[in-house]
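Engineer: Submitted below is the structure of interest, expressed as structure tokens.
The values are calculated or read from the model by the stated rules, or taken from the named source; none is laboratory data. As the structure is a computational prediction, the values presented were derived from the model and not from experiment. Cβ sites come from the backbone with ideal geometry, for glycine too, and all protein chains shown count toward neighbours.
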Amino acid sequence: MTGRPASAVRAARRRDRRVYTRSHPLLFALLAATRRRAVTRVGGTVLVHGTEPYRQALIRVPLDRTAVGTTGGAVRELSNGGTLFDQEGTGHRATRRAVAEGLGAAGVERLRPVWRDVLDRRLAPLADGHDVDLVPLARELAGAAVRALLGATGDPEAVARAAAEAAAAAVRDHLPGRRLPGTARAAAAATARLEALLAPHRPGEEPESALRAMLAVAAVNTTVAALPRAAAWCADAGLWDEAADDLLRPALVDELLRVTAPSPLLPRVAAADADLDGCPVRKGDRLILVARHAARAHDQPPDARDPAPPAVAQLVFGAGGHACPGARLARAQLDDTLAALAPHRPAVVRARVDRGAALPGWRSLTVRATGDHRTPENR
């Protein structure tokens, strides 16, 4: 990392690794042990670590969107189908277009005042010397943005909690490991609560409840995973100067999203025979696409002055027809969060891993300002 002490980078990486090793230790031990090979088979599962094989798996290999053990399969089970993950053909494309319009440049700018209000209010105590936990902030920010995006009525933090519960229950269906009794019922109950909270403002409107719930689950869980982890990287690796620089911050945002890789794995199932980097893939094989490794998050720390190529950084949002339509929203939210935190140069004072979350992240991440930003009367 350009001009960055190696000890600071190691400290930042050590802290960030805890969200993996303490939440899914066996899974990530397996991924670490196999990552030296771009593609490797373990029984009926193909692990895809390499940058180009990962991209090819998304744009060249036919994928079964509804198979058991995939994100789409889990969502379909909860919602009786009809979501962005499991639609095929023209229905899938039409839904993606509708979502993309709401999350395009104009849509994101309409939403921006919503989360900036949360940032201003939640971060104000830093100026008076008080500690702030960034996880509840991220939850409210995500819930408020989702509520505004969908025109919903539910309390932002209640929306965020329900989305987190639905994802945590559903993820046990499509990550490797034993499925615990009752997880399907728990996931369905959490999804029902979420759909009720996402009821639209306008009386008589028929909501596409499954699509709305899917959007909320995706937006909330990636935001709550990414924002605190990115802030911890800035604090531990000494990146606040770059975060405060309007010219460097966009590159830093891309780099932090690449390195935190909020959705580090994409579980899929092959719908036809294929080949990935010389490894035969058979129809029905389970694919574990490791976004974290494809984007080089594990060995290339964030560097706003020498960032990874855009084609590599973008991989944490997928590729081709499987690219995430919320990428612009994620970048804007992180950009504003870093800009709001940077004047305080906060340090992490307490951190606790969320062992039950769908995505690797912090249960609490408490920060404290290191600069003197108190008001004159409180100095």
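Engineer: Could you check how many residues of the range 285-305 are crowded, with 24+ Cβ neighbours inside 10 Å and over 26 Å from Pro62 (Cβ atoms)?
Structural biologist: Residues meeting the conditions: 2.
Engineer: Is it the case, given these coordinates, that Ala347 is touching a helix residue (DSSP H, G or I) at 6+ places or on another chain (Cβ under 7 Å), among the small types (Gly, Ala, Ser), more than 23 Å from Thr40 (Cβ to Cβ) and surrounded by fewer than 20 Cβ atoms within 10 Å (Cβ to Cβ)? Even if it seems obvious, please write down each step before you answer.
Structural biologist: Numbers: touching a helix residue (DSSP H, G or I) at 6+ places or on another chain (Cβ under 7 Å): yes; among the small types (Gly, Ala, Ser): yes; more than 23 Å from Thr40 (Cβ to Cβ): yes; surrounded by fewer than 20 Cβ atoms within 10 Å (Cβ to Cβ): yes.
So Ala347 fits the description; yes.
Engineer: Could you identify the single residue in Arg355, Arg296, Arg345 that is at positive phi, at pLDDT 90 or above and under 19 Å from the mean Cα position of the chain (by Cα)?
Structural biologist: Values: Arg355 fails: at positive phi; Arg345 fails: under 19 Å from the mean Cα position of the chain (by Cα).
Result: Arg296 is the single residue among Arg355, Arg296, Arg345 that is at positive phi, at pLDDT 90 or above and under 19 Å from the mean Cα position of the chain (by Cα).
Engineer: Mind listing whichever residues of the range 291-322 are touching a Gly at 6+ places or on another chain (Cβ under 9 Å) and not in a loop (DSSP other than H, G, I, E, B)?
Structural biologist: Of everything in the range 291-322, those that are touching a Gly at 6+ places or on another chain (Cβ under 9 Å) and not in a loop (DSSP other than H, G, I, E, B) turn out to be Ala291, His293, Ala294, Phe317.
Engineer: Give the residue that is modelled with the lowest pLDDT, with candidates limited to residues of the range 113-148 that are basic (Lys, Arg) and farther than 15 Å from Ala226 by Cβ.
Structural biologist: Narrowing the range 113-148 to residues basic (Lys, Arg): 116, 121-122, 139, 147.
Applying the additional criterion that residues be farther than 15 Å from Ala226 by Cβ yields 116, 121-122, 147.
On the way: Arg116: 98, Arg121: 97, Arg122: 98, Arg147: 87.
Result: Arg147.
Engineer: Residues that are acidic (Asp, Glu) and either within 23 Å of Leu119 (Cβ to Cβ) or under 13 Å from the mean Cα position of the chain (by Cα) (or both): does the range 325-338 have at least one?
Structural biologist: First, pick out the residues of the range 325-338 that are acidic (Asp, Glu): 335-336.
Keeping just the survivors that are either within 23 Å of Leu119 (Cβ to Cβ) or under 13 Å from the mean Cα position of the chain (by Cα) (or both) gives 335-336.
Yes, some residue in the range 325-338 is acidic (Asp, Glu) and either within 23 Å of Leu119 (Cβ to Cβ) or under 13 Å from the mean Cα position of the chain (by Cα) (or both).
Engineer: Does Ala152 satisfy the criteria of being among the small types (Gly, Ala, Ser) and farther than 15 Å from Ala219 by Cβ? Break it down stepwise before answering.
Structural biologist: On the way: among the small types (Gly, Ala, Ser): yes; farther than 15 Å from Ala219 by Cβ: no.
Here the answer is no, as Ala152 does not meet what is asked.
Engineer: Please tell me if Glu101 is at pLDDT 60 or above, of a type in the set (D, E, K, R) and closer than 30 Å to Ala145 by Cα. Break it down into steps so the answer makes sense when it comes.
Structural biologist: Details: at pLDDT 60 or above: yes; of a type in the set (D, E, K, R): yes; closer than 30 Å to Ala145 by Cα: yes.
Spelling it out, Glu101 is indeed at pLDDT 60 or above, of a type in the set (D, E, K, R) and closer than 30 Å to Ala145 by Cα.
Engineer: Could I ask something else about it? Are any residues in the range 32-63 in a loop (DSSP other than H, G, I, E, B) and either within 24 Å of Thr21 (Cα to Cα) or touching a Gly at 6+ places or on another chain (Cβ under 8 Å) (or both), and if so, which ones?
Structural biologist: So in the range 32-63, the residues in a loop (DSSP other than H, G, I, E, B) come out as 35-38, 43-44, 49-50, 60-62.
Within the range 32-63, Arg35, Arg36, Arg37, Ala38, Gly43, Gly44, His49, Gly50 qualify.
Engineer: Now a separate question. Condition first: modelled with pLDDT of 85 or more, part of a helix (DSSP H, G or I), more than 30 Å from Arg368 (Cα to Cα) and out of contact with any strand residue (DSSP E or B) (no Cβ under 9 Å at 6 or more places or on another chain). Can you find one or more residues in the range 149-172 that meet it?
Structural biologist: Yes, because at least one residue in the range 149-172 is modelled with pLDDT of 85 or more, part of a helix (DSSP H, G or I), more than 30 Å from Arg368 (Cα to Cα) and out of contact with any strand residue (DSSP E or B) (no Cβ under 9 Å at 6 or more places or on another chain).
Engineer: Right, next: I need the full set of residues from the range 2-31 which are assigned to a helix (DSSP H, G or I) and among the hydroxyl-bearing types (Ser, Thr, Tyr), in order please. Before the answer, list the steps.
Structural biologist: Start the filter on the range 2-31 by keeping residues that are assigned to a helix (DSSP H, G or I), which leaves 6-21, 25-31.
Once the filter is applied, which keeps residues that are assigned to a helix (DSSP H, G or I) and among the hydroxyl-bearing types (Ser, Thr, Tyr), the range 2-31 yields Ser7, Tyr20, Thr21.
Engineer: Same structure, new question: Of all residues in the range 293-324, which are free of Cβ contacts under 8 Å to residues at least 60 places away in the same chain and among the acidic types (Asp, Glu)?
Structural biologist: Of everything in the range 293-324, just one residue is free of Cβ contacts under 8 Å to residues at least 60 places away in the same chain and among the acidic types (Asp, Glu), namely Asp299.
Engineer: Would you mind telling me which numbered condition in (1) touching a Leu at 6+ places or on another chain (Cβ under 9 Å); (2) touching a residue at least 60 places away in the same chain (Cβ under 8 Å); (3) assigned to a loop (DSSP other than H, G, I, E, B) Ala332 fails?
Structural biologist: It fails just one condition, (3).
Engineer: Follow-up. Among the candidates Ala327, Ala342, which residue alone is free of Cβ contacts under 8 Å to residues at least 24 places away in the same chain and hydrophobic (A, V, I, L, M, F, W, C)? So that I can check it myself, show each step before the final result.
Structural biologist: Numbers: Ala342 fails: free of Cβ contacts under 8 Å to residues at least 24 places away in the same chain.
It is Ala327.
Engineer: Here is a follow-up. Could you tell me which of the residues Leu287, Leu211, Leu239 is aliphatic (A, V, I, L, M) and either under 15 Å from the mean Cα position of the chain (by Cα) or modelled with pLDDT of 95 or more (or both)?
Structural biologist: Numbers: Leu287 fails: either under 15 Å from the mean Cα position of the chain (by Cα) or modelled with pLDDT of 95 or more (or both); Leu211 fails: either under 15 Å from the mean Cα position of the chain (by Cα) or modelled with pLDDT of 95 or more (or both).
So the residue among Leu287, Leu211, Leu239 that is aliphatic (A, V, I, L, M) and either under 15 Å from the mean Cα position of the chain (by Cα) or modelled with pLDDT of 95 or more (or both) is Leu239.
Engineer: Taking the conditions exactly as written (modelled with pLDDT of 95 or more, under 20 Å from the mean Cα position of the chain (by Cα), within 15 Å of Arg331 (Cα to Cα) and of a type in the set (A, V, I, L, M, F, W, C)), does Val220 satisfy them or not? Spell out the reasoning first.
Structural biologist: Numbers: modelled with pLDDT of 95 or more: no; under 20 Å from the mean Cα position of the chain (by Cα): yes; within 15 Å of Arg331 (Cα to Cα): yes; of a type in the set (A, V, I, L, M, F, W, C): yes.
Answer is no for this residue.
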